[in-house]
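Peer 1: Supplied in structure tokens, the structure appears directly below.
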Amino acid sequence: FEVEFGDDAYFVFNARGQGKLNLAWNTDFDKDFGAMYDYANLSFLEFEGTPSFNKNGTAYIYADEDAYIYEVTADGAKEINGLKWDEDYEAWTFKTRTLKSYAISDVELTEKTVTEDDSSSTTDGGKTNPDTGR
């Protein structure tokens, strides 16, 4: 089965045995994500229902070859595994079972990660505070 999402994306998947899917999508600007990367020119492609498929399909996101494509998460930009440029389609392509939200950027974004617990760090020159036994 082949689905086109305007001039923004294209998805090819095996629909055998597939139940109903919400394929609603939009290109609305994500203000929260945009605020994290105010140094970049961003555009977005969001699959509102985050449709999940029985089998992997191939997604194509139409963007310039020198663009950077990321998955949008609450924590920031996430690299897409297997993302590569496809000359034939003039699009960025990757395999997936779930269509999510994606950001297209003109510059490389610093990936955001959940901060690690740094409660063991010291700010007193490396001295430790002994346990008082209480």
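Peer 1: Within the stretch 33-85, how many residues turn out to be outside any strand (DSSP E or B) and either under 21 Å from E108 (Cβ atoms) or open to solvent by 20 Å² or more (accessible area, probe 1.4 Å) (or both)?
Peer 2: Qualifying residue count, the stretch 33-85: 25.
Peer 1: Restricting to the stretch 86-105, name every residue that is open to solvent by 60 Å² or more (accessible area, probe 1.4 Å), more than 8 Å from the chain's Cα centre (by Cα) and on the phi < 0 side of the Ramachandran plot.
Peer 2: E87, D88, Y89, K95, R97
Peer 1: Can you report the number of residues in the stretch 21-32 which are open to solvent by 40 Å² or more (accessible area, probe 1.4 Å), farther than 15 Å from T98 by Cβ and not aromatic (F, W, Y)?
Peer 2: Residues flagged as open to solvent by 40 Å² or more (accessible area, probe 1.4 Å), farther than 15 Å from T98 by Cβ and not aromatic (F, W, Y) within the stretch 21-32 amount to 5.
Peer 1: Then there is this: Can you pull out the residues in the stretch 106-117 that are open to solvent by 70 Å² or more (accessible area, probe 1.4 Å) and modelled with pLDDT of 95 or more?
Peer 2: D106, E108
Peer 1: Here's a follow-up. Considering every residue within the stretch 34-47, establish whether at least one is among the polar types (S, T, N, Q), farther than 18 Å from A103 by Cα and either touching a helix residue (DSSP H, G or I) at 6+ places or on another chain (Cβ under 9 Å) or at pLDDT 95 or above (or both).
Peer 2: For the stretch 34-47, residues among the polar types (S, T, N, Q), farther than 18 Å from A103 by Cα and either touching a helix residue (DSSP H, G or I) at 6+ places or on another chain (Cβ under 9 Å) or at pLDDT 95 or above (or both): absent.
Peer 1: State which residue is farthest from E48 (Cα to Cα) when the search covers only the stretch 86-101 and only residues that are assigned to a strand (DSSP E or B) and touching a residue at least 60 places away in the same chain (Cβ under 8 Å).
Peer 2: Across the stretch 86-101, the extreme among qualifying residues is A91.
Peer 1: Can you name every residue in the stretch 1-32 that is assigned to a loop (DSSP other than H, G, I, E, B), hydrophobic (A, V, I, L, M, F, W, C) and within 15 Å of F94 (Cα to Cα)?
Peer 2: Answer for the stretch 1-32, where residues must be assigned to a loop (DSSP other than H, G, I, E, B), hydrophobic (A, V, I, L, M, F, W, C) and within 15 Å of F94 (Cα to Cα): just F13.
The values are calculated or read from the model by the stated rules, or taken from the named source; none is laboratory data. The shown structure was predicted, so the numbers you read here are calculated from the model rather than taken from an experiment. Here the Cβ is made from the backbone with ideal geometry for all residues, glycine too, and neighbour counts use every protein chain on show. These accessible areas exclude ligands, DNA and RNA; they are computed on the full protein's heavy atoms, side chains included. Shrake-Rupley method; radii C 1.70, N 1.55, O 1.52, S 1.80 Å.
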